[in-house]
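Here, each number is a calculation from the coordinates, and none is a lab measurement. Note that the structure is a prediction, hence the values are computed from the model and not measured. Neighbour counts are summed over all protein chains in view; Cβ atoms, including those assigned to glycine, are modelled from backbone coordinates with ideal geometry.
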Amino acid sequence: QQQKSSSPSKKSNPTLSLDTLRVFIPPPLRSAMATAGVLQSDDYVPMRDLFTSPSVSFAYERGWRQGFAQAGFPGADEEYDMVRKYFEDVTKDVEGSTVVDMSCATGLFTRRLAKSNDYNRVIACDYSESMLQEARRRINSDPSLQTKSSTTKLDLVRCDVAKIPMRTSSIDALHAGAAMHCWPDLDAGLGEIYRVLKPGGRYFATTFLSTYFGSLQTAEGGQTGVNRQAFQYFESVDVLRSMLVKAGFENEKVSVEVLEPACVVIKCEK
């Protein structure tokens, strides 16, 4: 310990302590600090790594997610009802039906999908280990998911949406709630979703129009790129539709609807 306290490199380098706290620094401020040399510039990707913070995982269902109502999100129960109805035609009476909850966060929709007993298997995926830990805690503390009457197999998997560890054409339906704006490589992520869906499989997603992030974009000073932006900014329905078509979905099988003022509901069929 004496050697540690007398080390000149650790005494003279304030970035060491700042770097350990970088997950708590808002992405725009963190970007500015890195540009100024106050923070070490590394491979930190704000829109991905912000959600690896345990504090964000803790807060997600304790006010964070509820705040999406300001953008027009209907609320978890109504949103889930939309998901259930859209998935019904491709999962009802299907032997071995499998649904993926991508970027599941704390399992807000994972639990609803599993408790419905409408699917043989639900796979919840997230890049953040802390989110998966919180999801597991909430699942384990939900009595209705611990009963023998539950017929749905539930798995939690840590993965990157840009590299989904699943076989091609193996998934009946995939849900990504309030998630796409957090994916650094959107093209790869959407391409992977298209790949793993079965022919006729369905993708349901919600996200934000860029207008919701106006003040955040201003704070970022116009900087672009995954190492500078806090989130992906979707300027219009047409931008989102073009991304989905580029991923492989046919234009006539893509629906992009806006719930005012800035909630986007996406429905696609492979």
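Sort all Cα-Cα distances of region 89-128 into consecutive 10 angstrom bins from zero, then give the percent of pairs in each bin up to the one containing the longest distance.
33, 51, 16, 1
Per the Kirkwood formula on distinct C-alpha pairs, the Rh of region 121-270 is how many angstrom? Present the calculation step by step, with values, prior to reporting the outcome.
Details: mean 1/r = 0.0594 Å⁻¹.
Taking the inverse mean of 1/r over all distinct Cα pairs, region 121-270 comes out at 16.8 Å.
For Trp64, project a label point 7 Å along Cα to C-beta. Then give me every residue of region 128-168 with its amide nitrogen under 18 Å of that point.
128-139, 157-161
Taking the Cα-to-Cβ direction at Asp142 and at Asp185 and moving 7 Å from each Cα, how far apart do the two end points lie in nm?
The answer from the label model is 3.1 nm.
If you take the square roots of the eigenvalues of the alpha-carbon gyration tensor of region 92-160 and sort them as a ≥ b ≥ c, do you get rounded (a/c under 1.5), prolate (a/b over b/c) or oblate? Present the calculation step by step, with values, prior to reporting the outcome.
Details: a/c = 2.51, a/b = 1.32, b/c = 1.90.
Here region 92-160 falls in the oblate category.
Can you pull out the trypsin sites (Lys or Arg not before Pro) in region 125-168 that DSSP calls coil and that have at most 10 other Cβ atoms within 10 Å? Write down the numbers at each step before the final one.
Values: sites: Arg136, Arg137, Arg138, Lys148, Lys153, Arg158, Lys163, Arg167; in loops: Lys148, Arg167.
Hits after loop and neighbour filter: Lys148, Arg167.
Report the Cα centroid-to-centroid distance between region 154-172 and region 77-109 in angstrom, as an integer.
That distance is 15 Å.
Within the set Lys92/Lys253; Lys163/Lys246; Lys148/Lys270; Lys85/Lys153; Lys148/Lys253; Lys163/Lys267, which residue pairs have Cα atoms separated by over 27 Å?
Lys148/Lys270; Lys148/Lys253
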